[in-house]
Amino acid sequence: MFDTPKNIEHWEHFHGFPDGRDAQVPTMAQDVNHDGYIDLPETEPVSGTTMVPLDSAPEDMNIPHDGYPVADENGHYEYEVDVPLDKLQAKFKEAFGSTDLQLDKRVVYVHGVPADLKLPDSVKGDVMSYDAHTTLPIAAGKIVKA
Ligand SMILES: [Cu+2]
């Protein structure tokens with residue numbers, strides 16, 4: 001990733017619908033409260049729910065924690081991890097009732113703006129002890145088969 005907010009951790013996951021609906025990337029149409037931000041709750045109608053973290057151990061499916069990549073001074077980071085697919089599928093089944101990840105129906109989100117960025121109160125997205133600064137989407141992309 002290039003040009004992300006620098007020196008902070010960036011949560012990233014694939015999001016999707018457990019029922020297999022084809023998730024889409026958000027557009028400005030998702031800014032339903034017209035505050036200029038597409039926050040996490042506003043993404044859900046088109047992109048579904050948070051499913052699998054792209055963190056240090058995706059197979060653990062541990063979403064709210066500090067195991068995500070951290071951008072450097074230039075807002076750059078690289079992320080690559082080998083995932084034991086059998087473990088991920090077992091965990092995915094616990095959460096969503098199927099071992100089928102349906103990657104072609106999912107959308108990848110990257111999140112995270114600096115904690116000192118002033119956000120309007122209308123921006124939502126608290127997850128456990130993390131607030132909207134951590135969960136605010138900064139990028140989204142549809143997964144396509146290479
Ligand atoms: Cu996410």
Which whole-number percent of Cα pairs in region 4-90 have a distance greater than 23 Å?
36
Å² of accessible area per residue within the chain, as computed with a 1.4 Å probe and no ligands counted:
56
Show me the trypsin sites (Lys or Arg not before Pro) within region 60-118 that DSSP assigns to loop and that have at most 11 other Cβ atoms within 10 Å of their Cβ.
Lys118
Relative contact order of the chain, pairs being alpha-carbon contacts under 8 Å that are 6 or more residues apart, as %
34
Equivalent ellipsoid semi-axes for the chain, as square roots of 5 times the alpha carbon gyration tensor eigenvalues: give them largest first, rounded to whole Å.
24, 19, 14
Sorted peptide list for 65-75, 15-25, 51-61, criterion being average Cβ within 10 angstrom, highest first:
51-61, 15-25, 65-75
Would you count, across the chain, every pair of lysines whose alpha carbons are under 21 angstrom apart, provided the pair is eight or more residues apart or spans two chains?
6
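The values are calculated or read from the model by the stated rules, or taken from the named source; none is laboratory data. Treat the numbers as computed from the prediction; the structure is a model and nothing was measured. Ideal geometry is used to build each Cβ from the backbone, glycine not excepted, and the neighbour counts take in all protein chains shown. Areas reflect the complete protein model, heavy atoms only, side chains present, ligands, DNA and RNA absent. Shrake-Rupley method; radii C 1.70, N 1.55, O 1.52, S 1.80 Å.
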